[in-house]
Structures are given as C-alpha cells and as structure tokens.
1. Between VAL185 and LYS35, what is the spin-label point distance in nm, taking each point 7 Å from the Cα along the Cα→C-beta axis?
2. Assuming R0 = 30 Å, can you tell me the calculated FRET efficiency for the pair LYS147 and GLN54, based on Cβ-Cβ distance, to the nearest 0.05?
3. I want the local charge near GLU203. Using Cβ-Cβ distances under 12 Å, sum +1 for each Lys or Arg and -1 for each Asp or Glu among the other residues.
4. If you filter segment 178-235 for trypsin sites (Lys or Arg not before Pro), then keep DSSP loop positions with at most 15 other Cβ within 10 Å, what is left?
5. Suppose the chain between HIS133 and ASP196 were pulled fully straight at 0.36 nm per residue; how much longer would it get relative to their current alpha carbon spacing?
6. Would you mind getting the Kirkwood hydrodynamic radius of segment 106-215 from its Cα pairs, rounded to one decimal in Å?
7. How about segment 101-134: which trypsin sites (Lys or Arg not before Pro) there are in a DSSP loop, with at most 16 other Cβ atoms within 10 Å of their Cβ?
8. What distance in nm lies between label points placed 7 Å from Cα along the C-beta direction at THR288 and ALA229?
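Readers should treat all values here as calculations from the given coordinates under stated rules, not as data from a laboratory. Just so it is clear, the model here is predicted, and its values are computed rather than measured. Quick reminder, even Gly has a Cβ in these numbers, built from the backbone with ideal geometry, and neighbours come from all protein chains shown.
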Amino acid sequence: MLLLSTCVLAIASGSTFARASPLSRPAKFDWSSTKALIAFGDSYTYVQGTHGHQNYSFIGDQFNLAYDAKTLLSNKIVQNQTATAEGGPNWVEYLTNCGVRKGLTSPQTCKKQLWDFAFGGADISTEYTPLHHNFTVSLVDQINQFKQYGHPALTHHLPGFKRDKTLIAVWIGINDMGDSAKYAVDFPTFYKSLMDTLFASVETLYSLGYKNYLFMNLPPLDRTPGNQAKVNPSPNATQVGWYNDALAGHAAAFAKKHKEAEVMLFDAHARLAAMLDEPHKYGIVNTTNFCAGYDQPDIADEYEKYGCPTSLEQYFWFNSGHMTSHVHEVLAGGIEIRDFSERSETWNFLKLINMYGFAVRIQPLESH
C-alpha cells in the first residue's frame, strides 16, 4: 500500500480504489475532445524541436529564452534515435500520437497538438539544486518563458487554440531527487518546499486561464540499474515515497483552492513498479541493467554486436536513468483521461489503469 498525504491508493484482492479529501467542482473536461497538450518537465518528457537545443529541448534554452509566434508555430517535432532521452517516442508523444513517426512533425498537423516546453536535465528551481548545464531551463523558468512567449503565441496566433480544450501535463522531480539525495536535510520538509515552489509556478499557469492539469508522480528510482546494485540505493524508496506524498498533498490543495479546475494525478510509480515486478506481461525480459550500445546508430538491428542478448524494446531501462521508448508506450497506454457520466459537485475523477487494469477513482473522504 502506498500512503499519500491526502490520498490512499490501495490494492487488495484484485481491486483498486482511491479516497481523498474533496477536491473541487469538476470541470467538463473530456480527453476525447482535448485539442492540445502543453507539457513541462525534464528529460522524461522533453522532445527535440527544430528550434530547440540539440538533445535537450523543443525550443530555446537558458541563453535563448525569447521567441516570437512565427518561430514557435513553425517549429517541428523531430523523431529519430536521439530526439528524446528514450531512443524513440516518449509518453507525451504516445499519449497525443503527435510526433511518433520518424522525421519531422508540425504539432499543428496533429489531432491532439503537442506543445512541449520540458527541458532535459531540468530541476524544479535553482533555489534548491544547481543547473546541470549553464543552458538548462528549470521548471520555474520553463513556465516563466511560456508565460512571456508561448502563451501569447498560442492564444493570439494559433487558429482554433482554446484553453478549455487544453491539458497541462507536468512530470518533474527525477533530477531533483538525484541532485539532493545526499543533502543533510529533513527530506519530507524539503520535498514540501519543492512542491511549494512547483505549485507557485502552476498558479502562474492557472492565472493564464488553464484549468485542466495532469501531474505524474515519480517512478521507482530506487530500482534503476545502478541502485539495484547497491546495498543502500540513492535515492531510496522512502525518499521517493516522501516526494510522491508531497506531490499528492499539493495537488489536492491546488484542486481544493480552484474548484473549477480539473486536477489529476497519475500514479506512474505503481504502473512502472508493476512492470518491473512482472515484466513478462509487457514483453520485457531485462529489468536489471541496460544495453551498453544503446546510443549506437545500428543498435536496433545489431544489438548482439554490443553484447546485448535482446533488442532494446525488451529492456525496461534504456540507460542508467531513463526507461525505453517501449516502457513509455506502455505507460501512455495506461493513462486514460475522460469525463465520467456519474459526477457530484465535489467529486473529481481520475481514471488510472493500474497493474490490474482497474480504474482508480479519487473521491471525497467521508466526514467524521
């Protein structure tokens, strides 16, 4: 059982349920009618753009934050072996089916447009951890950059763009965990501080008129190849749990504050842990290490040449810290967001497909 600050996800006897404090009056959000997904985060989410920093972003970097509408709207998603940190399409590309095919894709040609402002190597804020590179754009700066340049470009220059038909997706924390794992701090308090800063930036997005949010919690980082080989993993499972607790608590508080918003939290941790526990169900045979030749141009066909017994899609881990494109595809396939027919004024639903394939609903706790 994974205990969250405001939500309990329990798995027992083949059934799954979630109970949380009342969140908000649900908006009429429907994934099937969503026209655009705007993403923020780190290398788990970034996609390469023709106007981006090579191997790090869709558009710009810390030295090139400014862009005009023409630059953004002419930008194209690149899809090749090095265009993501996974060796192929990642979860937001699979979720939207935008940029999945090899070559170049204009987000404007996708049924669900993907506007991805995540930056590889990003942490939440330099207030807590240093930049990985001097050109890295932190999560806070990603959102500030979007407020100043991306939002005006989309709202004033993209035909048919509507904020009420747009989903904001945020997946962040991978680098924060690794960069702070050895800090001499009280980690539950530290992670709550990280969330304070994260959700202060989310408030910026809300002030711009965006009402639909999807947050992803951390994967089991204690089970990376390097950590599996350690007696004392860093970060460890307890630290990951504390971070996910803090995220759940802040997401619930944000939803309670903004009753007209749809705030959703996907339990990526449970989904990915299930894949690690029973990899055969997903066509995976290796969960303990990665193929040493993962970054070689002929790895797709010549994996044995690099001492790898199976192809990359049969590995869980793409390299020391990233999951394969196949894992991202399975993860995206487990996210189904839709409008439920049965609602009450205080119920806010999130449909998750967990390891057993059952839906998870977030609903109010009974008052006492």
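1. Going from the VAL185 label point to the LYS35 one covers 4.1 nm.
2. On the way: r = 25 Å, r/R0 = 0.84.
The calculated FRET efficiency here is 0.75.
3. Values: positive: LYS147, LYS257; negative: ASP196.
Once all neighbours under 12 Å are counted, the net charge is +1.
4. Numbers: sites: LYS182, LYS192, LYS211, ARG223, LYS230; in loops: LYS182, LYS211, LYS230.
Passing both the DSSP loop test and the Cβ count: LYS182, LYS230.
5. Numbers: separation 63, 0.36 × 63 = 22.68 nm, distance 2.40 nm.
Using 0.36 nm per residue and subtracting the Cα-Cα distance, I get 20.3 nm.
6. Numbers: mean 1/r = 0.0656 Å⁻¹.
Result for segment 106-215 stands at 15.3 Å.
7. On the way: sites: ARG101, LYS102, LYS111, LYS112; in loops: ARG101, LYS102, LYS111, LYS112.
Passing sites in segment 101-134 are ARG101, LYS102, LYS111.
8. Placing both labels 7 Å along Cα→Cβ, they lie 1.2 nm apart.
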